[in-house]
Amino acid sequence: MPELPEVETVRRGLQPVMEGAKILVAEARRPDLRFPFQPDFVARLKGQVVTGLGRRAKYLMADLASGDVLLMHLGMSGSFRVIKRDNEAVPGEFHYPRAKDSTHDHVLFRMSSGADIVFNDPRRFGYMKVIARSALDEEPLLRGLGPEPLGNEFDAAMLARSCAGKTTSLKAALLDQRVVAGLGNIYVCEALHRSHLSPRRIAATLSTKKSEPTDHAKRLVGAIHTVLNDAIKAGGSSLRDHRQTSGELGYFQHSFKVYDREGETCKTPRCGGIVKRFTQNGRSTFWCPKCQK
């Protein structure tokens, strides 16, 4: 499933053709994706100007002039592609042609910017929903989300307070969207390795008895910032389904330190340890037992 860097990469790809443009045509080519489309889904989108395109955790959020917000989630295999109606090539340094099979093209937005935006989702785990902005705070899909890991409010002090007293593993805490929003399995593994912290470490060790941040917390927050920013710069990680809106592959997977590197030598200088994998909370965890304590 795409994580924060992949979703942010998609947002940046859609922004030039979507933001400030009017939705001339909206088509839902099936009655549902993961959830049924609302009966008025198309009617609330047609003719609306997209005044802004943002992201919250792993959700894309298009603000509409009507005061509604189009909430979009990629699910496991969802992707957007941009088609310029004047046949102008969409730039991409690592462009890969998309499949011509349109069977899984489930949603289309025809924009006044001269672009068609197509949402393709073979597994149909993605979803879209139109919500009044005034009702966002009560939206079940968004309610309870923690701070954005790249936002100003997320720092070592906040992470320490969130983890104070938690007896769960550090990895489990970081995957809890109420603690920090948008992190997933790949980037948690990578951030823990870069901060030399074990995924098995108790989350409460990030906090002192006074709920102040330990050096572990400070190191971890720095590693989270670094790995997310590096991944966004690389266009995310293309492991199975992720493509950018241009068809371009992300290439951060070539920079993985531990994820999917079981049995290989740790990349930490002078470590010499071997990357191991074990199942934790139903997911594969990759780490170096020698340098992650």
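The values are calculated or read from the model by the stated rules, or taken from the named source; none is laboratory data. Model, not experiment: these values are computed from the prediction. All Cβ positions, even for glycine, are placed from backbone atoms using ideal geometry, and neighbour counts span all protein chains on display.
For the range 275-293, which residues satisfy the criterion of being out of contact with any Lys or Arg (no Cβ under 8 Å at 6 or more places or on another chain), of a type outside the set (S, T, N, Q) and at pLDDT 95 or above?
K276, R277, F278, K290, C291
Considering only residues of the range 206-232 that are of a type in the set (D, E, K, R) and out of contact with any Pro (no Cβ under 9 Å at 6 or more places or on another chain), which is farthest from L170 (Cα to Cα)?
If we take residues in the range 206-232 being of a type in the set (D, E, K, R) and out of contact with any Pro (no Cβ under 9 Å at 6 or more places or on another chain), then K210 is farthest from L170 (Cα to Cα).
So is S195 out of contact with any helix residue (DSSP H, G or I) (no Cβ under 7 Å at 6 or more places or on another chain) and among the polar types (S, T, N, Q) or not?
no
Okay, residues lined up against (1) among the polar types (S, T, N, Q); (2) at pLDDT below 95; (3) assigned by TED's automatic domain parsing to the domain that holds P16:
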site: H193; (1), (2), (3): no, no, no
site: T214; (1), (2), (3): yes, no, no
site: I224; (1), (2), (3): no, no, no
site: E248; (1), (2), (3): no, yes, no
site: S255; (1), (2), (3): yes, yes, no
site: V258; (1), (2), (3): no, no, no
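Before we move on, is T103 among the polar types (S, T, N, Q), at pLDDT below 95 and either closer than 29 Å to L183 by Cβ or assigned by TED's automatic domain parsing to the domain that holds H254 (or both)?
When the stated conditions are applied, T103 does not pass them.
So which of R34, R56, R12 is surrounded by fewer than 22 Cβ atoms within 10 Å (Cβ to Cβ), closer than 22 Å to R85 by Cβ and within 22 Å of the chain's Cα centre (by Cα)?
Result of the check over R34, R56, R12: R12.
Scan the range 1-33 for residues that are modelled with pLDDT under 95 and of a type in the set (D, E, K, R) and report the count. Can you show your working first?
As a first pass, look at the range 1-33 and keep what is modelled with pLDDT under 95: 1-17.
This time we only want the ones that are of a type in the set (D, E, K, R), so: 3, 6, 8, 11-12.
Qualifying residue count for the region: 5.
Looking at A26 and the list (1) under 19 Å from the mean Cα position of the chain (by Cα); (2) of a type in the set (G, A, S); (3) outside any loop (DSSP other than H, G, I, E, B), which single condition is not satisfied?
Evaluating A26 over (1) under 19 Å from the mean Cα position of the chain (by Cα); (2) of a type in the set (G, A, S); (3) outside any loop (DSSP other than H, G, I, E, B) leaves (1) as the failure.
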